[in-house]
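J.: Dumping the structure here so I can ask a few things about it.
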Amino acid sequence: QVAVFAATLETLVHGESRDRLQAVYRVLGFLRSESLSEIEAVEAIRAYMVMYVKSTDLSSVTPREFRLMSSDINVTYPTFPDTEAFVHQVRQRILDDTPDSERNTWDTMLNVVEEVGERYGRWQDKECHDLKRQLLKMENLGTGRVRIQDFYADALNGVWQFGESVPYLRQ
């Protein structure tokens, strides 16, 4: 039963990767049946990650909405350049074992985004630890709590991660 459950989860994850990549191709006007240029492939992978980190509803995003979302990604997600570097490394590892004629095909692009999905959690874990360190520095000593004014003071000083609403924090 555990093996069936694991296989089901894996199928769902791979399906999500495929659906997100299909949405990227649709938004960018690319065809699955054609191999992309290197510039287009990089653009598609970047678009994929924009949609991934923004948790976008893929079924309804329009090209215009995507352009707006993409244009402010470094503001809403300041560590996006690090994410891009991580994805570039994953892509390079896959391309090292891929014939030149297949570098930017749909299948290779799908392999890249699936591999990114498998590695992303472990890679992003460092960001979680950084957030924890920041919150511990703000802690009201020994209580395990951060005063609301300290929390928002950091948000006002450019620490983008600390901007949640008061009702959200209470919940």
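The values are calculated or read from the model by the stated rules, or taken from the named source; none is laboratory data. In this text the structure is predicted, and so the values were computed from the model without any measurement. Cβ placement follows ideal geometry from the backbone for every residue including glycine, while neighbour counts extend to all protein chains displayed. The protein model used for the area step is the full one, side chains on, heavy atoms only, and it has no ligands, DNA or RNA in it. Shrake-Rupley method; radii C 1.70, N 1.55, O 1.52, S 1.80 Å.
J.: Is there any pair linking a residue in the range 99-121 that is touching a residue at least 12 places away in the same chain (Cβ under 8 Å) to one that is open to solvent by 50 Å² or more (accessible area, probe 1.4 Å) and part of a helix (DSSP H, G or I), with Cβ under 6 Å and at least six apart or on different chains, and which?
T.: Going by the 6 Å Cβ cut-off, the qualifying pairs are Thr108/Glu102.
J.: Continuing with this model, one more query. Thr108 versus (1) under 21 Å from Tyr25 (Cα atoms); (2) of a type in the set (Ser, Thr, Tyr); (3) surrounded by fewer than 17 Cβ atoms within 10 Å (Cβ to Cβ): which is the lone unmet condition?
T.: In the conditions (1) under 21 Å from Tyr25 (Cα atoms); (2) of a type in the set (Ser, Thr, Tyr); (3) surrounded by fewer than 17 Cβ atoms within 10 Å (Cβ to Cβ), Thr108 misses (3) alone.
J.: Would you be able to say whether some residue in the range 4-20 is basic (Lys, Arg) and free of Cβ contacts under 8 Å to residues at least 12 places away in the same chain?
T.: No.
J.: Would you pick out the residues in the range 24-78 that are among the hydrophobic types (A, V, I, L, M, F, W, C) and open to solvent by 60 Å² or more (accessible area, probe 1.4 Å)?
T.: Leu31, Ile39, Val42, Leu68, Val75
J.: Only one of Asn140, Asn74 is out of contact with any Ser or Thr (no Cβ under 9 Å at 6 or more places or on another chain) and under 19 Å from Tyr48 (Cα atoms); which?
T.: Asn74
J.: Among the listed residues Arg93, Arg46, Arg26, identify the single one that is of a type in the set (D, E, K, R), assigned to a helix (DSSP H, G or I) and within 12 Å of the chain's Cα centre (by Cα).
T.: Matching residue, one of Arg93, Arg46, Arg26: Arg46.
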